[in-house]
Amino acid sequence: MEQNFVDRVKITVRGGKGGDGIVSFRRERCIPFGGPNGGNGGNGGNVFLMATPALHTLLPFKFQQHFFAPSGENGRSSDQTGASGKDTVIEVPLGTVVFDCETEELIADLTVKGQYVCVARGGRGGRGNTVFKSSTFQAPEIAEKGFSGEERKLLLEIKLLADVGLIGFPNVGKSTLITKISNSRAKIGDFPFTTLIPNLGVLKSPSGDGIIIADIPGLIEGAHEGAGLGYYFLRHVERTSLFLHLLDVSLKERDDPIADYETIWKELIAYNPLLKEKTEIVVLNKIDLSIPEIIDEVKAHFQRLGKPVFAISAVTGDGIELLTKEVMRRVQAFKTVSRAEKDAASFSESEPEKIPKVAPLWQNIPEKIPLEITKQAPHVFSVGGKSFEELAARLNLKYPDSFRKFMEIVENSRLNALLIKHGVKNGDTVVLLDQEYSFFDYSLYEEEENEEGNDQVTDE
C-alpha cells in the first residue's frame with residue numbers, strides 16, 4: 001500500500017493545435033468566376049484538471065506524464081469550418097494543488113468535487129481565404145495555419161483533506177492511536193520512520209458523520225529544511241482543523257516531552273506561521289509505561305499554557321474514550337462555523353453541470369514585427385527571430401498572396417535599414433526562409449558612386 005500512495009508528481013499538458021484555413025474558390029457550371037469559399041480551421045481542444053473523490057493518490061500519473069488535447073480539423077470548401085478538437089479532462093484527487101513548474105505560480109487548489117481549471121488552452125483555427133475578401137481584393141489566395149496549443153509543465157501535490165492531524169516525533173504512538181480509534185490498519189513498529197505515508201482513519205460520530213484523521217509522518221528537527229521525511233509531509237497538516245499533538249511520557253529511554261513539543265512547533269511555524277492559529281489538543285501517550293509524578297508534571301506545564309491536555313495509553317485504551325469525545329465535539333463545532341461562513345459567502349453552491357468553452361489562443365496579424373539579423377559568414381547574413389518564425393509558421397506561404405502578405409510585413413519592419421545597420425553591402429548574401437538572395441540597395445549604390453567621385457577629385 002505504501003507504494004500506491006503518491007502525493008507529488010510532475011506532468012506535461014498541451015492544448016490541441018488549431019486546424020488550418022484553406023484557399024478555395026467556387027467552381028460551378030453557371031458561375032465561372034465564383035468568389036472565395038475557403039473555410040476556417042477548427043479550434044484545438046483544451047486541457048482541464050477536475051477534482052474527483054474517486055481518486056486518493058497521484059499514482060496513475062507515475063505511468064502517464066504527458067497529456068495532449070486533440071487538434072482541430074482543417075477548413076473545407078463551401079465555407080465549412082473544420083470540427084474543433086475535444087477537450088481533455090484529467091481527473092485528480094480532492095485536495096490537489098497545481099503549480100506551474102517554470103513560474104512556480106499557484107494555478108489552482110482543487111478541494112471540491114467537480115471543481116475544475118483549464119491548464120492548457122488550445123490554439124484557434126486558421127482563417128480561410130473567404131475572410132480576406134474585400135471590395136479591392138476579390139480573389140484572395142491567402143490562408144492561415146492554425147495556432148499551436150499552450151504547453152505547460154505542472155507540479156501536482158496532494159494536501160490531505162483531513163479534519164484531524166496527528167503530529168509528533170516518530171515512534172510516539174500516532175499509528176497505534178489512529179488504529180485504536182478508527183478503522184485504519186496502519187503499519188506499526190517500534191522504530192523511527194515506521195510510517196512512510198500519511199495514514200488515514202475515520203472516526204464515526206454519534207450523528208453518523210465521519211471525521212477523517214491523518215497520521216502525519218516524518219516530523220523531526222529540521223523537517224522544514226528537508227531533514228528526514230517531514231519536508232514531504234508538512235503540507236498535509238495545512239488543511240486540518242485540529243491538531244492532536246502526541247508526546248511520549250514513558251520511562252523507556254525517555255527524552256524531554258516538553259522539549260519535543262517545542263521542537264515540533266518550531267518546525268511547523270518555520271514551514272507556515274499560520275499553523276499556530278490551529279486548534280490543538282496535547283495528548284500524553286504511553287502512560288502505562290510512566291509514573292504519576294512525570295505525567296502530572298508535564299500535564300501541569302501545558303495547563304499553565306492554556307492547552308487542553310489528555311493522558312492516554314494507545315495500547316491499553318486508557319483515556320481514549322474521553323479523548324475521542326473531545327475530538328468529535330471540537331471538529332463538529334468547527335464544521336458548523338465553517339458551514340455558516342460558506343452560506344454567508346454564497347447563497348448557492350451548485351456544482352457545474354459541464355465544463356464551459358474557453359477562448360482559444362489567438363492574436364491578430366501584426367503590421368510589423370521585430371527582426372533579428374545574424375552574420376553567418378563573411379558577406380552572408382540571415383534574417384530571423386521568434387516573431388519572424390511565428391509569422392512564417394502562421395501564414396501558409398504556399399499560397400502566393402500569403403507570401404506577399406508576409407513580405408509586406410517584413411518590409412514594414414524596416415528590413416533594409418536593419419541590414420544596412422548590421423553592415424550588409426551590395427552583393428552580400430541574405431538568407432530569408434532558407435532562400436538566398438543577393439542584397440542590393442540603390443541608396444548604397446549612390447553612396448558608393450559618390451565616394452568614388454570624391455576619391456577621383458582627391459587624386460587630382
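None of the figures in this text is laboratory data; all of them are computed from the coordinates on show. Small disclaimer: the values here were computed from a predicted structure and weren't measured. We place every Cβ from the backbone using ideal geometry, glycine too, and count neighbours over all the protein chains shown.
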Report, in cubic angstrom per residue, the convex hull volume of the C-alpha atoms of segment 118-164. 89 Å³
Would you please state which residues of segment 272-290 a label at Arg304 would reach in this model, taking the label point 7 Å out along Cα→Cβ and a backbone N cut-off of under 19 Å? 282-284
Obtain the nm distance between the two label points defined at Lys113 and Trp265 by a simple spin-label model: each point lies 7 Å from its Cα along the Cα-to-C-beta direction. 3.8 nm
Separation between the Lys425 and Ile258 pseudo-spin-labels, each 7 Å from Cα along Cα→Cβ, expressed in nm? 8.9 nm
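Determine the gain in length on full extension of the stretch Asn272-Glu367; use 0.36 nm per residue of separation and subtract their C-alpha separation, reporting nm with one decimal.
Numbers: separation 95, 0.36 × 95 = 34.20 nm, distance 5.01 nm.
Full extension of this stretch gives 29.2 nm more.
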Given R₀ = 30 Å, FRET efficiency for Ser78-Arg404 by Cβ-Cβ distance, to 0.05? 0.70
Once R0 is set to 60 Å, what does the formula 1/(1 + (r/R0)^6) return for the Cβ-Cβ distance between Leu251 and Asp434, expressed as a FRET efficiency to the nearest 0.05? 0.15
Which lysines have a Cα lying under 21 Å from the Cα of Lys421, excluding residues fewer than 8 positions away in the same chain? Lys368, Lys375, Lys386
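Using a Förster distance of 60 angstrom, determine the FRET efficiency expected from the C-beta separation of Glu105 and Asp296, and round it to 0.05. It would help to have the intermediate numbers written out before the result.
Working: r = 52 Å, r/R0 = 0.86.
E(calc), rounded to 0.05, equals 0.70.
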Just grab the label-to-label distance for Ser387 and Thr12, each label 7 Å out from Cα along the Cβ direction, in nm (one decimal). 2.9 nm
Pull up the cross-link candidates among the lysines for Lys133, meaning alpha carbon to alpha carbon under 17 Å and not fewer than 8 places away within one chain. Lys405
Based solely on C-alpha atoms, express the radius of gyration and the Dmax of segment 31-165 in angstrom. 21.0, 79
Using θ = phi - 60° and Karplus 6.51 cos²θ - 1.76 cosθ + 1.60, couplings along segment 399-414 (whole Hz; Gly, Pro as x): 8, x, 5, 5, 5, 5, 4, 4, 5, 4, 5, 5, 5, 4, 8, 6
